[in-house]
Amino acid sequence: MLQDPDLENLRSHPEWQRLLNASMKGARGELNVPRSPIDKSPQGDVRATLVAFHGGAERPDMMVDRCASALERGWRVVALHGTAPAAAERFGWPLINCEQVVTQHLEEVGDLVAPIMIGFSQGGGLAGHLAWSGHIASAGVILVAPAMGIRGVPIPNPQTCPVKTYLLVGSDDWALDDSRHATEALDQSGVPVRLDVRPGMGHDWPGDFDEILQRGMEWILNG
C-alpha cells in the first residue's frame, strides 16, 4: 500500500496518515493482542464440525450467526478469530504466520469431529489454502466470495490434497475471476469442486445461504 501507484491520490487525505499509523502499530504488534475463538456445540451428539473463518474487518460472531442453522442439525460451530486489527472491534487475518494463528486456535478448542472449513472473503481464501495444502486436516471446504489475496489461486500439482470444495460467488463480485481460476486449477488437480455463481450478487452472502450450507455439507460428507 505504501508503494502502490493507484493509491497516490489518497496520500494527501488527512485520514491516510491515521490509517498508516494504525497499520504500522499493528505490524509492530502493539495492537495485536491474543483473541479466542467462539465454540458452539449443539444439543446431543456432534455429527461434524464447521470451522469458520470470518472476512476481513469482521468478527467471529458474524460467522456464528451465519452458521446458526448448522447447530440445529447437530453440527458444532467453531469460529476462529483473526488477530490483525482492522477497525474498532473488527479484525482480519495476518499476512504472515496465519497458519500458526489458526493452529494455535484449533489446539485451544481441542479435537474436532469431521471438520469442514467455511470462510467468507479473506477468510475464505485462507480456509481454502489451509485445506488444499494439507496444513489443516479437513473433510472439505465451503467458500463464500473467497478472496485469494497474495497467495493467489491454487497451482495444480499432484501434491494438492483432494479436499472437496464448494465455491459460492456472485456474478458481480470482484472476486469472481479468482473463483473461476481456482475451480479450473482444482479440477485439473483432481480435487472435487463445484462453482455456484449467483446472478446479480456482489461481494456478499446469498439470502438462501442456510439451504446452500445444508446442500454443501451433505455433498462433502455423503457425495
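Which value at 222 nm does the chain reach when only helices count, each DSSP H run of 4 or more adding -39,500 (n - 2.57), with the total divided by all residues and rounded to the nearest 500 deg cm²/dmol? Show your work: numbers first, answer last.
Details: 7 runs with 76 residues, N = 223.
Computed ellipticity for the chain at 222 nm equals -10500 deg cm²/dmol.
Tell me, what ³J(HN,Hα) does each residue in the stretch 57-62 have, in order and in whole Hz, if you take phi through Karplus 6.51 cos²θ - 1.76 cosθ + 1.60 with θ = phi - 60° and put x for Gly and Pro?
Once θ is set to phi - 60°, the couplings for the stretch 57-62 become 6, 10, 9, x, 5, 5 Hz.
Under a 10 Å cutoff between Cα atoms, tell me which one of V51, V113, V153 has the largest fluctuation in the Gaussian network model of the chain.
Greatest mean-square fluctuation among the candidates belongs to V113.
Taking every pair of alpha-carbon atoms in the stretch 41-137, give the share separated by more than 24 Å as a whole percent. Spell out each step's value before the answer.
Numbers: 757 of 4656 pairs.
Counting every Cα pair in the stretch 41-137, those more than 24 Å apart make up 16 percent.
If I build a Gaussian network model for the chain, linking alpha-carbon pairs within less than 10 angstrom, which residue out of D172, D111, D204 has the largest mean-square fluctuation?
Top of the fluctuation ranking is D111.
Based on the alpha-carbon gyration tensor of the stretch 150-223 and its eigenvalue square roots a ≥ b ≥ c, which shape applies: rounded if a/c is under 1.5, prolate if not and a/b is larger than b/c, or oblate?
Values: a/c = 2.72, a/b = 1.23, b/c = 2.21.
In terms of gyration-tensor shape, oblate.
Relative contact order for the chain using alpha-carbon pairs under 8 Å, separation at least 6, rounded to a whole percent?
Details: 437 pairs, mean separation 33.3, N = 223.
So the answer I get is 15 percent.
Any idea what log10 I(q)/I(0) is at q = 0.11, 0.21 Å⁻¹ for the stretch 87-166, Debye with uniform C-alpha scatterers and no solvent?
After summing over all Cα pairs, the log10 values are -0.28, -1.04.
Hey, what's the Cα Rg ratio for the stretch 97-223 versus the globular rule of thumb, 2.2 N^0.38 Å?
Values: Rg = 13.8 Å, N = 127, 2.2 N^0.38 = 13.9 Å.
Output field value: 1.00.
Got a sec? Charge dipole of the stretch 50-170, +1 on Cβ for Lys and Arg, -1 for Asp and Glu; which of A114, G140, M62 is way out at the positive end?
Of A114, G140, M62, it is G140.
Calculate the FRET efficiency for R90 and Q188 from the Cβ-Cβ distance with a Förster distance of 30 Å, rounded to the nearest 0.05. Each step should come with its number before you reach the end.
On the way: r = 36 Å, r/R0 = 1.22.
FRET efficiency, R90 to Q188: 0.25.
Rounded to whole Å and sorted largest first, what semi-axes of the equivalent ellipsoid does the C-alpha gyration tensor of the chain yield via the square root of 5 times each eigenvalue?
Values: eigenvalues 162, 91, 57 Å².
Calculated on Cα positions only, the semi-axes equal 28, 21, 17 Å.
Laboratory data are not the source of any read-out in this text; all were calculated from the coordinates shown. What you are looking at is a predicted structure, and each value in this text was computed from that prediction instead of being measured. A quick note on method: Cβ atoms are made from the backbone with ideal geometry, for glycine too, and the neighbour counts reach across all protein chains shown.
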